Amino acid sequence: ASNSMMLWGGRTTMPYKGLKAYRKITLTNDLLPYLKNHFTEIDKISGEVDRSSTISFGTENGNYQIYGVQPDYQIITNMTFATGNGRFLNNRDLEMDRKVIVLSKKVAKSLFKEVNPVGKWIKMDGLTFQVIGVDMKTSNDNEAKCYIPMKTAQKLYSLGNEVNNINFSVRGLVTKEENDDFGQKVREVLGRELIVNPDDLNTIGLWNQASDYVQTMGIFSTLNLFVMFIGIC
């Protein structure tokens, strides 16, 4: 989504408060409610665990990216589910540790050909998962991705409460400067929680799609005015 941001952990480059440099920064489940409660600007939020696994259905199989995520991930990434193509993950799936999976269009086409995969069972890492939906978003035509409940993924890959990324959408930020300032504040707050030197905040990775979008729209607005000027001339 145009108003989304993503965080990930790197390695520190400076010692701080008795902790050595080159320490790995690990993001965990408890940071999600911590950020949500700290910033009113954060709207939807989801952790993300990603691994690569082989999935099979009948005689068909392939190696695909598996993302363990939470329900808000659908809105953050603008997923689309048409009639007959099921749904995305919900809170009950997470609470009950259900072995359910959502496929991108490319994966569904590769494994099931012309058959509707919703309700069918696939095999992955020695376990069976039921397909509950197919993301029909046109921009993911070439993306071989699958989505399972985050808690299920953490157990499957023995990750404890670790997440690779934290994705969230923001509200009320209009300008590029507002988005850039907010991104820096998030880094500062996380830095204090994770005991990172204030001069070493680049160790917390941040992809600011919201800032990039505002900047791009500004460029297009300028181009539109220029074209209008040429047209008037």
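Mind checking which residues of segment 11-26 are closer than 12 Å to LEU201 by Cα and exposed (fewer than 13 other Cβ atoms within 10 Å of the Cβ)?
ARG11, the sole residue that qualifies.
Among residues belonging to segment 192-201 that are in contact (Cβ under 8 Å) with a residue 60 or more places away in the chain and touching a helix residue (DSSP H, G or I) at 6+ places or on another chain (Cβ under 9 Å), point out the one that is surrounded by the fewest Cβ atoms within 10 Å (Cβ to Cβ). Talk me through it step by step, then tell me what you get.
Step one: filter segment 192-201 for residues in contact (Cβ under 8 Å) with a residue 60 or more places away in the chain, giving 193-197, 199-200.
With touching a helix residue (DSSP H, G or I) at 6+ places or on another chain (Cβ under 9 Å) added as a condition, the list becomes 193-194, 196-197, 200.
On the way: GLU193: 13, LEU194: 18, VAL196: 26, ASN197: 16, ASP200: 18.
Top of the filtered list is GLU193.
Between a residue in segment 13-34 that is free of Cβ contacts under 8 Å to residues at least 12 places away in the same chain and any residue that is surrounded by fewer than 16 Cβ atoms within 10 Å (Cβ to Cβ) and among the polar types (S, T, N, Q), which pairs come within a Cβ distance under 9 Å, given they are 6 or more apart or on different chains?
Listed by first residue and then by second, the contacts come to ALA21/THR13; TYR22/THR13.
Starting from residues that are open to solvent by less than 70 Å² (accessible area, probe 1.4 Å) and among the charged types (D, E, K, R), keep the ones in segment 177-191 and report whichever is modelled with the highest pLDDT. Reasoning before the result, please.
Taking segment 177-191 as the starting set, the residues that turn out to be open to solvent by less than 70 Å² (accessible area, probe 1.4 Å) are 179-180, 182-183, 186-187, 189-191.
Then drop every residue that is not among the charged types (D, E, K, R), which leaves 180, 187.
Details: ASP180: 91, ARG187: 95.
Of everything passing the filter in segment 177-191, ARG187 is modelled with the highest pLDDT.
Among the numbered conditions (1) crowded, with 17+ Cβ neighbours inside 10 Å; (2) touching a helix residue (DSSP H, G or I) at 6+ places or on another chain (Cβ under 8 Å), tell me where ALA108 comes up short.
Exception for ALA108: condition (2).
What is the number of the single condition among (1) at pLDDT 90 or above; (2) in contact with a Gly (Cβ under 8 Å, 6 or more places away or on another chain) that SER211 does not meet?
The one condition SER211 does not meet is (1).
Among the residues that make up segment 72-87, is at least one of them closer than 30 Å to LYS185 by Cβ and touching a Leu at 6+ places or on another chain (Cβ under 8 Å)?
Of the residues in segment 72-87, the ones closer than 30 Å to LYS185 by Cβ are 72-79.
Filter again for touching a Leu at 6+ places or on another chain (Cβ under 8 Å), leaving 73-74.
Looking for residues that are closer than 30 Å to LYS185 by Cβ and touching a Leu at 6+ places or on another chain (Cβ under 8 Å), one finds at least one in segment 72-87, hence yes.
Being closer than 22 Å to TYR73 by Cα and not acidic (Asp, Glu) is the requirement here; does LYS113 meet it?
No: the conditions fail for LYS113.
Where in segment 113-160 are the strands (runs of 3 or more DSSP E), entirely inside, with at least 3 residues that are open to solvent by less than 70 Å² (accessible area, probe 1.4 Å) and at pLDDT 95 or above?
Details: elements: 121-124, 127-135, 145-149.
By residue number, 127-135, 145-149.
Could you list all residues from segment 57-93 that are outside any helix (DSSP H, G or I), among the aliphatic types (A, V, I, L, M) and open to solvent by less than 30 Å² (accessible area, probe 1.4 Å)?
Hits for segment 57-93 are ILE66, VAL69, MET79, LEU89.
Regarding SER52, is this residue assigned to a strand (DSSP E or B), surrounded by fewer than 19 Cβ atoms within 10 Å (Cβ to Cβ) and of a type in the set (S, T, N, Q)? Full working, then the answer.
On the way: assigned to a strand (DSSP E or B): yes; surrounded by fewer than 19 Cβ atoms within 10 Å (Cβ to Cβ): yes; of a type in the set (S, T, N, Q): yes.
Spelling it out, SER52 is indeed assigned to a strand (DSSP E or B), surrounded by fewer than 19 Cβ atoms within 10 Å (Cβ to Cβ) and of a type in the set (S, T, N, Q).
Kindly establish whether VAL174 is open to solvent by less than 60 Å² (accessible area, probe 1.4 Å), farther than 15 Å from PRO71 by Cα and over 17 Å from the mean Cα position of the chain (by Cα). Quick ask: steps written out before the conclusion?
On the way: open to solvent by less than 60 Å² (accessible area, probe 1.4 Å): no; farther than 15 Å from PRO71 by Cα: yes; over 17 Å from the mean Cα position of the chain (by Cα): yes.
For VAL174, the condition - open to solvent by less than 60 Å² (accessible area, probe 1.4 Å), farther than 15 Å from PRO71 by Cα and over 17 Å from the mean Cα position of the chain (by Cα) - is not met.
The conditions are (1) of a type in the set (D, E, K, R); (2) open to solvent by 70 Å² or more (accessible area, probe 1.4 Å); (3) under 25 Å from LEU35 (Cβ atoms); (4) assigned to a loop (DSSP other than H, G, I, E, B), and ARG98 fails exactly one of them. Which is it?
The one condition ARG98 does not meet is (3).
The values are calculated or read from the model by the stated rules, or taken from the named source; none is laboratory data. All values derive from a computational prediction rather than experimental measurement. We place every Cβ from the backbone using ideal geometry, glycine too, and count neighbours over all the protein chains shown. Please note that ligands, DNA and RNA were not included when accessible areas were found on the heavy atoms of the full protein model with its side chains. Shrake-Rupley method; radii C 1.70, N 1.55, O 1.52, S 1.80 Å.
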